[in-house]
Amino acid sequence: MSGNQTDRPWEHDETAEAKAKEDAKINRGAWAMVIAFVLLVGGCVALTSRDGQSSGSNHTAAWMNCKAAVTGQLNNPATADFAITNTAMTDTAAGGVHIVGSLTAENAFGVKQEIRFTCDATSSGSITGVNVS
């Protein structure tokens, strides 16, 4: 009998199998790092608009100015509670931002009510239109 594994195909080398599993884990880890890097780079590129200014900063300025414009139209502005989870911001073709959302605030009689609003802003965040209903 020789020690050759081909003589006994029903036996297998556990050391080689363990090494193959370890190599597979290393390869999966390397691919996961590559994918994470690509997603990170892609996300950074997606946040940069055509003029090189970050859309995140455009949205922040537009959001702050929109909140001020909407609050200015309320009967009891101190009671305004903006529902950020019910707010959507989209970039317009002209490079501005369109915001749709809702808030709760007390009306003139002190009763809390849900109020919907829309705002349009320029690329710098200046409000060009606001609607509160």
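None of the figures in this text is laboratory data; all of them are computed from the coordinates on show. If you're wondering where the values come from, they're calculated on a predicted model, not measured in any experiment. Cβ placement follows ideal geometry from the backbone for every residue including glycine, while neighbour counts extend to all protein chains displayed.
Tell me whether the range 67-133 comes out rounded, prolate or oblate; compute the Cα gyration tensor, take square roots of the eigenvalues as a ≥ b ≥ c, and use a/c under 1.5 as the rounded threshold.
Judged from the Cα gyration tensor, the range 67-133 comes out prolate (a/c at least 1.5, a/b above b/c).
Label Ser124 and Ile35 with points 7 Å out from Cα along Cα→Cβ: what is the distance between them in nm?
Output for this residue pair reads 4.4 nm.
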